[in-house]
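The values are calculated or read from the model by the stated rules, or taken from the named source; none is laboratory data. Because the structure is predicted, anything quoted here is derived from the model rather than measured. Glycine gets a Cβ as well: all are built from the backbone with ideal geometry, and neighbour counts include every protein chain shown.
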Amino acid sequence: MTRQIDAWLTDMDGVLVHEGHAIPGAPEFIRALRDAGRPFLVLTNNSIFTARDLRARLATSGIDLPEESIWTSALATARFLADQVPNGSAYAIGEAGLTTALHEVGYTLTESDPDYVVLGETRTYSFEAITKAIRLIQGGARFIATNPDVTGPSLEGPLPATGAVAALIQAATGRAPYFVGKPNPILFRSALNRIGAHSMHTAMIGDRMDTDVVGGIEAGLETFLVLTGSTGIDDVEKYPFRPHQVVDSIADLIARV
């Protein structure tokens, strides 16, 4: 490591868990962070679930952490909107993770002349809701999306996700969304602000070059790529940027906490 690392950010799926099971070393890594009193956050582009939901999901896999240590694209989106237009209004397409986050920052959810159309992830995208979003954007609402991921996983195979539906709405309106989630550095910056950490002394652990690593680099963080998720070792050379270090799994970083 080239810097002193005082705080840690880590992706969830592919780094801590895979298909509902803890990746070896993940519970021990989180325990080491908590025992050492290190500031840390678990980041996810998933906007479906609340932090409380995700905490329960991680607990069933043996990873114990408070819900305050989870930062989702929905929470970051809500924080961004609250900074832009305090106590504003939004037409939201998404699940409880998104609607709860918007309510908690003082936003009103409405179908009538909202400040923003906010697109999140859901397993049940409605043609009626998408049509409403298109008409509201054409009527002047600004277009925000929680994350750019075009597909999400399921037991039956890939599902269309936020990025794919955002492309549909963009094609119909001619208005591109502003994506808050990874790889946008604003998600990492909001995470740093939440734990009071400085980018110079914070590391990001991820399993994807195109979201975790590039976003971490652009936010000025030390970056670690683990090979337990989406990106394989042979894939690294395909990108014009590199993580600071590639490790087999999060277990290799326990001693560095």
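If you go through region 1-43 and pick out every residue that is basic (Lys, Arg) and touching a Phe, Trp or Tyr at 6+ places or on another chain (Cβ under 7 Å), you end up with 1. Within region 55-69, being of a type outside the set (Gly, Ala, Ser) and surrounded by fewer than 22 Cβ atoms within 10 Å (Cβ to Cβ) holds for Arg55, Arg57, Thr60, Ile63, Asp64, Leu65, Pro66, Glu67, Glu68.
Whether a residue is surrounded by fewer than 16 Cβ atoms within 10 Å (Cβ to Cβ), under 20 Å from Gly25 (Cβ atoms) and touching a Leu at 6+ places or on another chain (Cβ under 9 Å) was assessed, and Asp207 does not pass this test. Taken together, Ile93, Ile30 contain a single residue that is assigned by TED's automatic domain parsing to the domain that holds Leu187 and either surrounded by 21 or more Cβ atoms within 10 Å (Cβ to Cβ) or in contact with a Pro (Cβ under 8 Å, 6 or more places away or on another chain) (or both), which is Ile30.
Hey, could you check region 138-151 for residues that are of a type in the set (Val, Ile, Thr) and buried (at least 22 other Cβ atoms within 10 Å of the Cβ) and say which is nearest to Asp13 (Cα to Cα)? In this case the residue turns out to be Thr146. Considering only region 241-254, I want to know if a residue exists there that is modelled with pLDDT under 95, out of contact with any helix residue (DSSP H, G or I) (no Cβ under 8 Å at 6 or more places or on another chain) and closer than 18 Å to Asp13 by Cβ. No, region 241-254 contains no residue that is modelled with pLDDT under 95, out of contact with any helix residue (DSSP H, G or I) (no Cβ under 8 Å at 6 or more places or on another chain) and closer than 18 Å to Asp13 by Cβ. The residues of region 109-122 that are assigned to a loop (DSSP other than H, G, I, E, B) and under 17 Å from the mean Cα position of the chain (by Cα), listed by number, are Gly120, Glu121, Thr122. When the helices (runs of 4 or more DSSP H) confined to region 150-257 are screened for residues that are in the same structural domain as Leu136 (by TED's automatic domain parsing) and hydrophobic (A, V, I, L, M, F, W, C), those reaching at least 3 such residues are found at 162-173. Can we say Ser154 is within 16 Å of the chain's Cα centre (by Cα) and either crowded, with 24+ Cβ neighbours inside 10 Å or not hydrophobic (A, V, I, L, M, F, W, C) (or both)? No, not satisfied.
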